[in-house]
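One structure is given below, encoded as structure tokens.
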Amino acid sequence: MKLFNEIQANQQLRFINEADPGKVFRLEDLSLLSLPGNTRRLALLYLDNTLPAITILLSFLKSPHVCALLSPDLAPHFKDELERRYEPAYIYDPARTDITGYQYAADQPLFTRDTLKDVNIHPDVKLLLSTSGTTGSPKFVKLSENNLLENAKSIAGYLPVCGTDVTPLNLPVYYSYGLSVLTSNAIFGGTLVCCHTDILNREFWSGMEQLGYTSIAGVPFVYEMLDRIGFTKKDYPSLKYFTQAGGRLREALVHKFAAYASEKRYAFYVMYGQTEATARMAYLPPAELERHPSAIGVPIPGGTFDIDPDNGELLYAGPNVFGGYVTGINDLSDYSQPAWLRTGDLARKDEDGFYYITGRINRFVKLFGSRINLDEVEQLLAINLDVPVKAVGIEDKLMLLVTDRPEVDEQTVAALITTTLKLHPSVVKVWTVPELPLTANGKTDYTRIQKMYAER
Amino acid sequence: MSNTEKLIHAFSEALAVPQETIQDDLAYQAIPEWDSITHMILISQLEDTFGVAIDTDDVIDLSSVGKAKEILTKYNIVF
């Protein structure tokens, strides 16, 4: 309720659906669901960014229930697995009309479970975000209302968010960055436009012109697209600022967008974060962009960084640090924030106090902005194949599947991963090597594989 | 290969779908395989196949197979 109350208190808040830009809604105009609230229950919400989906999300923020936010495009068998594992009381999924064991209420677009079991849910647990979007990972990040509220406050503390803004929700709200755009602007901003999460749509640019968007948010791939469609060759009279997070943007593009921003008097914010910190941990003040183009910047208001002297890992402390992971329903009974969040990234700090990411400890690869857990990819391979195939990331450009068994059919393995995870064939490559390198203690030496691939 | 065959091949490679799927009325986002990611791959594939540099404004306008033919015609590719 705390977060919802803050949203409700924003007198400037309006909602527009991109598909029907003539209609402007206040919060009280939206048909929020009334959900029974005596017992706290779990909901799985497969959200696109349309106004009906945002209305569902707001309904759950208003209710005492816990919601897990998920991609509506998740493969059906991943949805089944998640629902079997978590037995959610509620499901929102516009893609389905029937779910076994659930009733669909005609008056509210929500599936309700036939037989409800009481679940022990910690009072602080409010929202769950997936750690790896496309693998249908059952592992979620646990967030509290306080996490969401504090991160929204910090973000609005350094971004020029205000009540006259018209903010397009052009990133998925089930993704922490997209959700942070929603929360920070719902509390401190003005009009939220529920729109295509895809800037290659003509509608997005008519919305920009007609509704006068004041900001754009993008992962590196969005900036690659903006560059390709000639974004920096034009003027956008309404635009105030644009933000970038979700991985490192190549330096040439940082310079290009920084130069464009300074010429047109827009502000360009390069930022850093992860779901385990609700979303945001650092930002680079626009005035520092030209001098520190590869930096992630300084901690957001309320946050602190430290670097582990033993392994060089970046550590973060702040009120937005999550309360642990959930891999099954029993994990909902606990919420405990670590004093320091271990980011899994290696970092250094320069003499001016700016932080730089120098490497990664964690086992994931980011392809087109979405994080894919490589251990989960290996598990998927192990279930389907009877020979070992290892997965490594190559510079967030390629998922390399490595085997030392010549009998492995490279095409079959590649097809298994591209179809199950819905990845483009160009970013998945199977590589057969004479021998898989091992570390001193007999584990796969992933760093060595990356080196071997670079030197091949 | 005729230009139409080349176009179908480029589309089918970029979107990773069978060649039969590539019909003139196939539009951007009409199938899950044609999203923003594969659209960017498609643009480079078309540029490589036909040896042209597709103009920034045409990247968004190229929103169906038929539209692709129309746009490529501007670059003197005959279908």
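The values are calculated or read from the model by the stated rules, or taken from the named source; none is laboratory data. Everything quoted here is computed from the prediction, not taken from an experiment. Counting neighbours? That spans all protein chains shown, and the Cβs are built from the backbone with ideal geometry, glycine included.
So, in segment A:206-233, of the ones that are in a loop (DSSP other than H, G, I, E, B) and at the interface with chain B (Cβ under 9 Å from one of its Cβ atoms), which residue ends up surrounded by the most Cβ atoms within 10 Å (Cβ to Cβ)? So the residue we want is A:I229.
Within segment B:1-38, take every residue that is of a type in the set (D, E) and over 21 Å from A:I417 (Cβ atoms) and give me the one that is farthest from the other protein chains (Cβ to nearest Cβ). Only one residue tops the list, namely B:E5. Evaluation of A:P388 against the conditions (1) in contact (Cβ under 8 Å) with a residue 40 or more places away in the chain; (2) away from every other protein chain (no Cβ under 14 Å); (3) assigned to a strand (DSSP E or B) shows that the sole unmet condition is (3). For segment A:194-205, taking the residues that are under 23 Å from A:G230 (Cα atoms) and in contact (Cβ under 8 Å) with a residue 12 or more places away in the chain, the one that is farthest from the other protein chains (Cβ to nearest Cβ) is identified as A:C195. Of A:E145, A:E87, A:E83, all but one fail to be closer than 24 Å to A:I383 by Cβ and in contact with a helix residue (DSSP H, G or I) (Cβ under 9 Å, 6 or more places away or on another chain); the exception is A:E87. For segment A:122-165, the set of residues classified as over 18 Å from the mean Cα position of the chain (by Cα) and surrounded by fewer than 22 Cβ atoms within 10 Å (Cβ to Cβ) consists of A:H122, A:P123, A:D124, A:N146, A:K153, A:A156, A:G157, A:Y158, A:P160, A:C162, A:G163, A:T164, listed by residue number.
Condition first: surrounded by 17 or more Cβ atoms within 10 Å (Cβ to Cβ), assigned to a loop (DSSP other than H, G, I, E, B) and without any contact (Cβ under 8 Å) to a residue 60 or more places away in the chain. Now tell me which residues in segment A:419-435 satisfy that. Once the filter is applied, which keeps residues that are surrounded by 17 or more Cβ atoms within 10 Å (Cβ to Cβ), assigned to a loop (DSSP other than H, G, I, E, B) and without any contact (Cβ under 8 Å) to a residue 60 or more places away in the chain, segment A:419-435 yields only A:H424. A:K390 meets the stated requirement of being surrounded by 17 or more Cβ atoms within 10 Å (Cβ to Cβ) and either out of contact with any strand residue (DSSP E or B) (no Cβ under 6 Å at 6 or more places or on another chain) or outside the structural domain of A:D73 (by TED's automatic domain parsing) (or both).
The set of residues in segment A:417-435 being among the aliphatic types (A, V, I, L, M) and more than 14 Å from chain B (Cβ to nearest Cβ) consists of A:V430, A:V433.
Of these, A:G178, A:G190, which one is farther than 17 Å from A:L239 by Cβ and not hydroxyl-bearing (S, T, Y)? Answer to the selection: A:G178.
Of all residues in segment A:365-423, those being closer than 20 Å to A:R448 by Cα and among the hydrophobic types (A, V, I, L, M, F, W, C) number 12. Consider segment A:269-308 and keep the residues that are among the small types (G, A, S) and not in a strand (DSSP E or B). The one that is surrounded by the fewest Cβ atoms within 10 Å (Cβ to Cβ) is A:A287. Of all residues in segment A:436-451, those satisfying the criterion of being surrounded by fewer than 15 Cβ atoms within 10 Å (Cβ to Cβ) and either part of a loop (DSSP other than H, G, I, E, B) or among the hydrophobic types (A, V, I, L, M, F, W, C) (or both) are A:L438, A:T439, A:A440, A:N441, A:G442, A:K443. Looking at A:A217, A:A258, just one residue is small (G, A, S), in contact with a strand residue (DSSP E or B) (Cβ under 9 Å, 6 or more places away or on another chain) and within 25 Å of A:R14 (Cβ to Cβ), and that residue is A:A217. The residues of segment A:376-396 that are at pLDDT 90 or above and among the charged types (D, E, K, R), listed by number, are A:E378, A:K390.
So, in segment A:4-33, how many residues would count as being of a type in the set (S, T, N, Q) and part of a helix (DSSP H, G or I)? Matching residues across segment A:4-33 total 2. If I ask for residues that are more than 14 Å from every other protein chain (Cβ to nearest Cβ), surrounded by fewer than 16 Cβ atoms within 10 Å (Cβ to Cβ) and in a loop (DSSP other than H, G, I, E, B), which ones from segment B:53-79 would you list? Once the filter is applied, which keeps residues that are more than 14 Å from every other protein chain (Cβ to nearest Cβ), surrounded by fewer than 16 Cβ atoms within 10 Å (Cβ to Cβ) and in a loop (DSSP other than H, G, I, E, B), segment B:53-79 yields B:Y75, B:N76, B:V78, B:F79. Among the residues of segment B:39-48, is any over 13 Å from the mean Cα position of the chain (by Cα), surrounded by 14 or more Cβ atoms within 10 Å (Cβ to Cβ), within 14 Å of chain A (Cβ to nearest Cβ) and of a type in the set (V, I, T)? No, segment B:39-48 contains no residue that is over 13 Å from the mean Cα position of the chain (by Cα), surrounded by 14 or more Cβ atoms within 10 Å (Cβ to Cβ), within 14 Å of chain A (Cβ to nearest Cβ) and of a type in the set (V, I, T).
Residue-by-condition table, conditions (1) surrounded by 15 or more Cβ atoms within 10 Å (Cβ to Cβ); (2) modelled with pLDDT under 95:
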site: A:K2; (1), (2): no, yes
site: A:Q11; (1), (2): no, no
site: A:A53; (1), (2): yes, no
site: A:K62; (1), (2): yes, no
site: A:L69; (1), (2): yes, no
site: A:A89; (1), (2): yes, no
site: A:T97; (1), (2): no, yes
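I'd like to check something: does segment A:178-193 contain any residue that is at the interface with chain B (Cβ under 10 Å from one of its Cβ atoms) and either touching a Cys at 6+ places or on another chain (Cβ under 9 Å) or of a type outside the set (D, E, K, R) (or both)? No, segment A:178-193 has no match at all.
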